[in-house]
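Q: My structure is below; once you've seen it, I'll send some questions.
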Amino acid sequence: MADGTYSILLVDTDDDFVDDAKALLEGNKVYSARNVTDAQRRLVEEGIDVAIVGPAFAHEAGVAEMALMFDVRPSLPVVLVTDALNTDVLKAALRSGFKDVIEAPLTLRKVEEAFGLLDQLARREDSIVQRKNKIGKVVTIMSPKGGAGKTMTTVNVALSLAQWGDPSRVTIIDADLQFGDVCISLQVDPKHTIVDAARDIDKLDEPLLESLLARHTSGMRVLSAPLEPSLADEVSTQVVVKTIGMLKRMFDYIVIDTAPFLDEPVLSILERSDVVLLVVDMDLPSVKNAKLALDTLRLIKFPFEKIKLVLNRVNSKARLDIDELERSLGLDVQAAISSDKLVPRAVNEGDPVVSLYPRSRVARDLRSVARLVVDGEIEEPTTEEDDRGRRWFR
Ligand SMILES: Nc1ncnc2c1ncn2[C@@H]1O[C@H](COP(=O)(O)OP(=O)(O)O)[C@@H](O)[C@H]1O
Ligand SMILES: [Mg+2]
């Protein structure tokens, strides 16, 4: 434990919960159990420091069953994770000796706080590590077609990064200068916008820029787009570039939403990006435009290794052949987001789907997109190559 790694026992019957938690806790020693008997066995055999019980047991009977872990280890710190806080379950858990009850989705910070861990949990190298004192990573979401899902991806990826690490180290720039809708999707009411940065560009410094950022309830920040399309002209490429440079010194992650073009401001943003998420919707015009955009980027010798191809609405009716799409774009698909009516519902509620419906399929998909940003890993959407088409186009 001295090196900051803990032995953690996860107890749940839901493999998805266990897999997500394992990914989050990677770097620690993580064991899993599906029921109290397995859990007791683990407690006897391994040097477990703490246990996390998942939402499958977040009801009174489940709590009573899980309390049997204390027969084996009376002083074991145990935390219960629920999908929605409920006073009866909370009372039952605390009465049975649980240390705390926390609401899904799990974040490292919530786990550390719940257990009162003195050492922070181990974090994956160069991933959810606090990037303090390092220069921030610029993540740009692009698609040369409106309605492809850029803004939806932006807010959900940013919020996932915020939930995994320190929310105050994550900022969004809404660089869709004419029709930016990041603030409305997050129910953030901006007092200032990027237009104020443009007007004060000569004296813009970090404290001034900080004062122009709006704050989301999670603690992450947003630099709003102009509130009217006519003001977009005031924001020159130079302003955008200077702003990105300053925010890189102030934040760990700068997530940028863009307009559906490949014009000068967007190209300048792309040049300054560490990761580019190219969102392609499952229709032919979207694929055609992505191809044209990639052709342009190839011409200007843009480093293609920065581009991660993300398919949106993969389970929608549109049948597109993935192999053909990959061949035509010259890129492999690295993540896929399912189509789900919870997405527009969440937008209308002003709370991104990863926060409002954290256990939905689409929220999981979006977290895998965010993971792509974090470790730059290529996540295969399925284990079997041949199964791809079938799984995505059910
Ligand atoms: N995976 C999805 N499932 C369901 N609806 C989606 C999905 N992705 C995007 N949408 C909806 O499509 C519309 C366009 O998405 P948006 O993110 O605003 O696109 P863009 O920013 O590229 O113009 C929004 O109403 C959004 O809620
Ligand atoms: Mg948009």
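Q: Could you check how many residues of segment 20-30 are in contact with a Ser or Thr (Cβ under 7 Å, 6 or more places away or on another chain) and part of a strand (DSSP E or B)? Even if it seems obvious, please write down each step before you answer.
A: Here is the first cut: in segment 20-30, the residues in contact with a Ser or Thr (Cβ under 7 Å, 6 or more places away or on another chain) are 27-29.
This time we only want the ones that are part of a strand (DSSP E or B), so: 28-29.
Looking only at that region, the number is 2.
So that you can scan it fast, the table gives a plain yes or no per residue for (1) under 21 Å from Ala23 (Cα atoms); (2) in contact with a strand residue (DSSP E or B) (Cβ under 9 Å, 6 or more places away or on another chain); (3) of a type in the set (S, T, N, Q):
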site: Pro265; (1), (2), (3): no, yes, no
site: Ser268; (1), (2), (3): no, no, yes
site: Ala290; (1), (2), (3): no, yes, no
site: Phe304; (1), (2), (3): no, no, no
site: Leu311; (1), (2), (3): no, yes, no
site: Asp321; (1), (2), (3): no, no, no
site: Arg361; (1), (2), (3): yes, no, no
site: Leu366; (1), (2), (3): yes, yes, no
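Q: Are any of the residues in segment 9-25 within 20 Å of Ser160 (Cβ to Cβ), of a type in the set (Lys, Arg) and not assigned by TED's automatic domain parsing to the domain that holds Leu159?
A: Within segment 9-25, one or more residues are within 20 Å of Ser160 (Cβ to Cβ), of a type in the set (Lys, Arg) and not assigned by TED's automatic domain parsing to the domain that holds Leu159.
Yes/no per residue for (1) away from ligand 1 (no atom under 16 Å from the Cβ); (2) closer than 19 Å to Ser273 by Cα:
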residue: Thr171; (1), (2): yes, yes
residue: Leu177; (1), (2): no, yes
residue: Pro190; (1), (2): yes, no
residue: Arg215; (1), (2): yes, no
residue: Ser236; (1), (2): yes, yes
residue: Ile244; (1), (2): yes, yes
residue: Thr258; (1), (2): no, yes
residue: Phe261; (1), (2): no, yes
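Q: Go through segment 66-94 and report how many residues are of a type outside the set (A, V, I, L, M), surrounded by fewer than 18 Cβ atoms within 10 Å (Cβ to Cβ) and farther than 24 Å from Ser360 by Cβ. Let's see the steps before the verdict.
A: Of all residues in segment 66-94, those of a type outside the set (A, V, I, L, M) come to 70-71, 73-75, 77, 82-83, 86-88, 91.
Then keep just the ones that are surrounded by fewer than 18 Cβ atoms within 10 Å (Cβ to Cβ); that gives 70-71, 73-75, 83, 86-88, 91.
Filter again for farther than 24 Å from Ser360 by Cβ, leaving 70-71, 73-75, 87-88, 91.
Selection size over segment 66-94: 8.
Q: Let me ask something else about it. Restricting attention to segment 312-364, which residues are within 16 Å of ligand 2 (Cβ to nearest atom) and either assigned to a helix (DSSP H, G or I) or surrounded by fewer than 20 Cβ atoms within 10 Å (Cβ to Cβ) (or both)? Break it down into steps so the answer makes sense when it comes.
A: Within segment 312-364, the first condition is being within 16 Å of ligand 2 (Cβ to nearest atom), and the residues that meet it are 312-313, 337, 343-344, 346-348, 350, 352-353.
Hits for segment 312-364 are Val343, Pro344, Ala346, Val347, Asn348, Gly350, Val353.
Q: Also: If Ala61 passes every condition in (1) part of a helix (DSSP H, G or I); (2) in contact with a Ser or Thr (Cβ under 9 Å, 6 or more places away or on another chain); (3) over 21 Å from Gln163 (Cα atoms); (4) not polar (S, T, N, Q) but one, which one does it miss?
A: Going through the list (1) part of a helix (DSSP H, G or I); (2) in contact with a Ser or Thr (Cβ under 9 Å, 6 or more places away or on another chain); (3) over 21 Å from Gln163 (Cα atoms); (4) not polar (S, T, N, Q), Ala61 breaks only (2).
This table checks each residue for (1) over 27 Å from Lys134 (Cα atoms); (2) buried (at least 22 other Cβ atoms within 10 Å of the Cβ).
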| position | (1), (2) |
| --- | --- |
| Gln163 | no, yes |
| Ser168 | no, no |
| Asp189 | yes, no |
| Thr193 | no, yes |
| Pro207 | no, no |
| His216 | no, yes |
| Leu223 | no, yes |
| Glu228 | yes, no |
| Val240 | no, yes |
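Q: Sort out which residues of segment 135-165 are assigned to a loop (DSSP other than H, G, I, E, B), touching a Leu at 6+ places or on another chain (Cβ under 7 Å) and closer than 24 Å to Arg345 by Cα, and write them in order of number. Outline the logic, then answer.
A: Residues of segment 135-165 that are assigned to a loop (DSSP other than H, G, I, E, B), as a first pass: 135-136, 143-149, 165.
Subset that is touching a Leu at 6+ places or on another chain (Cβ under 7 Å): 136, 143-144.
If the condition is that a residue be assigned to a loop (DSSP other than H, G, I, E, B), touching a Leu at 6+ places or on another chain (Cβ under 7 Å) and closer than 24 Å to Arg345 by Cα, then Ser143 is the only one that fits.
Q: Looking for something farther than 29 Å from Val354 by Cβ, among the polar types (S, T, N, Q) and assigned to a loop (DSSP other than H, G, I, E, B) - is there at least one such residue anywhere in segment 75-86?
A: Going residue by residue through segment 75-86, those that are farther than 29 Å from Val354 by Cβ are 75-76.
Narrowing the set further to residues that are among the polar types (S, T, N, Q) leaves 75.
Still in the running and assigned to a loop (DSSP other than H, G, I, E, B): 75.
Yes, segment 75-86 contains a residue that is farther than 29 Å from Val354 by Cβ, among the polar types (S, T, N, Q) and assigned to a loop (DSSP other than H, G, I, E, B).
Q: While we're here: Among the residues of segment 167-183, how many are part of a helix (DSSP H, G or I) and at pLDDT 95 or above? Spell out how you get there, then give the answer.
A: The first filter runs over segment 167-183 and keeps only residues part of a helix (DSSP H, G or I), leaving 167-169, 182-183.
From the residues that got through so far, the ones that are at pLDDT 95 or above too are 182-183.
Going through segment 167-183 one residue at a time, the tally reaches 2.
Q: Can you pull out every residue in segment 25-52 that is over 15 Å from Arg73 (Cα atoms), in contact (Cβ under 8 Å) with a residue 40 or more places away in the chain and not small (Gly, Ala, Ser)? If you could, list the steps in order and put the result at the bottom.
A: First, pick out the residues of segment 25-52 that are over 15 Å from Arg73 (Cα atoms): 25-35.
Checking which are in contact (Cβ under 8 Å) with a residue 40 or more places away in the chain leaves us with 25-28.
Correct list: Leu25, Glu26, Asn28.
Q: Tell me, which residue of segment 238-282 that is among the basic types (Lys, Arg) and in a helix (DSSP H, G or I) is farthest from Pro144 (Cα to Cα)? Quick ask: steps written out before the conclusion?
A: From segment 238-282, those among the basic types (Lys, Arg) are 242, 248-249, 272; that's our starting set.
Subset that is in a helix (DSSP H, G or I): 242, 248-249.
Numbers: Lys242: 24, Lys248: 25, Arg249: 29 Å.
Among residues in segment 238-282 that are among the basic types (Lys, Arg) and in a helix (DSSP H, G or I), the one farthest from Pro144 (Cα to Cα) is Arg249.
The values are calculated or read from the model by the stated rules, or taken from the named source; none is laboratory data. Remember, it's a predicted structure, so these values are computed and weren't measured experimentally. All Cβ positions, even for glycine, are placed from backbone atoms using ideal geometry, and neighbour counts span all protein chains on display.
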